[in-house]
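Taking it in order: structure first as structure tokens, then the write-up.
FYI, it's all coordinate maths here, none of it is from the lab. Computed from a prediction, not measured in an experiment: that's the story for all the values here. Note that we place each Cβ from the backbone using ideal geometry, even for glycine, and neighbour counts take in every protein chain shown.
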Amino acid sequence: MRDLKQTGFADRLTAQAEAKKAMLARFKPKPTVQAEDPLALKKQREAEREALRAQRAAEKAEAQRLKDEQKAAAEVAKVMSVEAQEEAKRNERRERKAAIKAEQRQRRADKKMKR
């Protein structure tokens, strides 16, 4: 019963060496579980924050540009509206003066005919 596996001295030595290697391998850090460099993580986070800040600043600048364009367009429309109103007033005044002159001419012509 003592030697059921029929292993020799050399086999036992290799088995012992393999077991020792396996035991030592458990204590070595595994490549997939390596601790990351805190300084590199900090730099990466800072770079991400800076990129986000730049993106937000660009969006804010674009929004401000659109707002300024809308204000300018509203101002132009207002000025055009005021100019159109003034032009309408001028035309009305011209028509009224032309009507008055025509009426006066008619009166003069009537007076000449009565004489």
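Compute the helix-to-body angle for 9-27: its Cα long axis versus the longest principal axis of the chain, expressed 0 to 90° and rounded to tens. Long axis of 9-27 versus the principal axis of the chain: about 30 degrees. Among GLN55, LEU66, GLN106, which residue has its Cα furthest toward the positive end of the charge dipole of segment 38-114, with +1 on Lys/Arg Cβ and -1 on Asp/Glu Cβ? Going by the charge dipole, the pick is GLN106.
Across the options SER81, LEU39, THR14, the greatest Cα extent toward the positive end of the charge dipole of the chain (unit charges at beta carbon of Lys, Arg, Asp, Glu) belongs to SER81.
Build a GNM of the chain with springs between Cα atoms under 10 Å apart, and of ARG12, ARG49, ARG105 the one that fluctuates most is ARG12.
Considering only ALA74, ALA102, ALA54, the mean-square fluctuation computed in a Gaussian network model of the chain, springs between alpha carbons under 10 angstrom, is largest for ALA102.
In terms of surrounding Cβ atoms within a 10 Å radius of their Cβ, LYS28, LYS67 rank from fewest to most as LYS28, LYS67. The charge dipole of the chain, taken about its Cα centre with unit charges on the Cβ of Lys, Arg, Asp and Glu (plus for the first two, minus for the last two), comes to roughly 1460 debye. Of the options (i) 163, 32, 15; (ii) 33, 28, 27; (iii) 40, 33, 25, only one is Cα extents along the principal axes in Å as computed from these coordinates, and that is (i).
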